[in-house]
Amino acid sequence: MKRIRSKEIKAIAREEGVDSVGVASADCVETTPIRRGPRSVLPEAHSVVVFAKRMLTGSIESPSNEVVTSQSLALYEELDRISYVLGCFFEQRGYRAATVPSYNPVEMTSETKGFVGAVSLRHVGQAAGLGVLGKNNLLLTAHLGPRIRLGAIVTTAHLDPDKPLTDDLCGDCGACMAACPVDALSEPGRTHTGRCVRKVLPHGLTGLIKYLTKNLDQPMDEIKQSFLDPNFWNLYHFLQVGLQYGCHACINACPAGAAKPG
Ligand code: B12
Ligand code: SF4
Ligand code: SF4
């Protein structure tokens with residue numbers, strides 16, 4: 001089996017259009033019930049390659065929810081595509097590789113409530129030297145701050161790992177905490193997921209349960225009427241679309257990253 005060098009796989013990732021890429025050992029993050037490391041998707045893995053692609057500032061700051069959502073969906077598809085391309089490179093050279101979903105699916109058990117991904121991309125991203133965790137509990141890179149989405153591929157190949165960064169990009173700032181409309185960042189570095197999810201995914205599972213509970217215990221005429229309510233149409237629409245992101249305030253407020261376009 002031919003040895004693969006980190007710089008070789010990084011060059012391919014860059015050709016595929018990533019803004020930054022790093023490598024960490026598969027042991028970099030342990031698997032716990034609420035935080036998943038690389039071995040949770042490939043137990044015999046040795047390395048994880050983590051990469052980031054920029055969010056478009058004009059899109060995430062757009063007043064159009066449709067634009068905000070479609071940009072997130074497009075980016076997640078692109079990250080999953082790149083993960084697959086890198087995976088093929090490893091498997092064609094005799095190594096195994098497992099793609100990490102950049103967002104969905106997530107594990108829907110009563111223990112995780114869907115809030116835990118197959119591998120925690122922020123934590124492996126930090127281990128791979130891509131950036132540091134900010135007070136908004138997001139990975140900040142020196143170049144783009146938190147305006148990135150992350151993808152990864154886990155592999156049995158032995159790659160030379162990068163060094164984690166130790167810089168403090170937050171200092172005295174607390175702009176994200178002040179900007180959060182539902183006070184989900186009241187403790188630096190920790191997300192109150194229950195609060196955030198209601199804001200970020202208003203037509204997600206919580207919204208659906210609330211709507212059905214409120215409307216389905218009614219006389220038949222009122223149940224019929226409830227299907228003509230635009231709230232129901234939104235729930236239906238987002239069940240089809242699969243994702244909606246109603247809030248980027250803790251990203252938009254962040255001064256970290258030199259590359260915010262004017
Ligand atoms: C589920 C999920 C959510 C959930 C839960 C959020 C969460 N904190 O995990 C919800 C829907 C709320 C959410 C919201 C958002 N998300 Co999200 N999400 C994910 C997903 C799919 C899984 C995350 C996961 O596994 N979480 C479980 C654990 C790891 O969460 P944790 O909060 O870090 O928990 C640890 C700490 O809080 C700590 N802890 C626990 N208790 C305490 C107590 C104290 C005092 C302290 C200090 C710490 C601490 O220990 C926990 C376990 O280690 C990832 C993709 C992925 N696979 O990683 C994207 C991801 C994290 N999301 C992302 C984004 C961008 C967002 C949003 C901005 C929404 C949007 N507009 O896109 C918001 C930001 C919210 C925020 N500021 O934290 C990006 C982040 C990119 C970046 N720059 O870092 C990711 C990586 C997706 C991607 N592919 O890029 N998300
Ligand atoms: S995404 Fe919005 S609701 Fe969630 S933590 Fe960030 S600012 Fe708060
Ligand atoms: S807004 Fe300020 S405190 Fe929050 S993550 Fe960005 S630099 Fe850190």
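Here are a few things to note about the model shown:
- By the helix-only formula, in which each DSSP H run with n ≥ 4 contributes -39500 (n - 2.57) and the sum is divided by residues, the chain has a 222 nm mean residue ellipticity of -10500 deg cm²/dmol.
- Global geometry of region 141-222, whether rounded, prolate or oblate, following the gyration tensor of its Cα atoms and the 1.5 cut on a/c: oblate
- Residue order for ASP162, ASP172, fewest other beta carbons within 10 angstrom first, comes to ASP172, ASP162.
- Applying both filters, DSSP loop and at most 14 other Cβ atoms within 10 Å, to the trypsin sites (Lys or Arg not before Pro) of region 170-235 gives ARG190.
- Neighbour counting of Cβ atoms within 10 Å sorts the residues ILE251, ILE4, ILE12, ILE209, fewest neighbours leading, into ILE209, ILE12, ILE4, ILE251.
- Cysteines without a disulfide-compatible neighbour (Cβ-Cβ under 4.7 Å), the chain: CYS28, CYS88, CYS170, CYS173, CYS180, CYS196, CYS247, CYS254
- Gap separating the Cα centres of region 148-215 and region 84-142, nearest whole Å: 13 Å
- Whole-number percent relative contact order across the chain, with pairs defined as alpha carbons under 8 Å at least 6 apart: 23 percent
- For LYS224, the lysines whose Cα comes closer than 27 Å to its Cα, not counting residues fewer than 8 places off in the same chain, are LYS210, LYS214.
- Taking a point 7 Å out from the Cα of GLU15 in the direction of its Cβ, the residues of region 86-109 whose backbone N falls within less than 16 Å of it are 86-93.
- Order of CYS196, CYS173, CYS254 - criterion: other Cβ atoms within 10 Å of each residue's Cβ, fewest first: CYS173, CYS196, CYS254
Bear in mind that the values in this text are calculations on the coordinates, not laboratory data. All values derive from a computational prediction rather than experimental measurement. Reconstructed Cβ throughout: ideal geometry from the backbone, glycine too, with neighbour counts over all protein chains shown.
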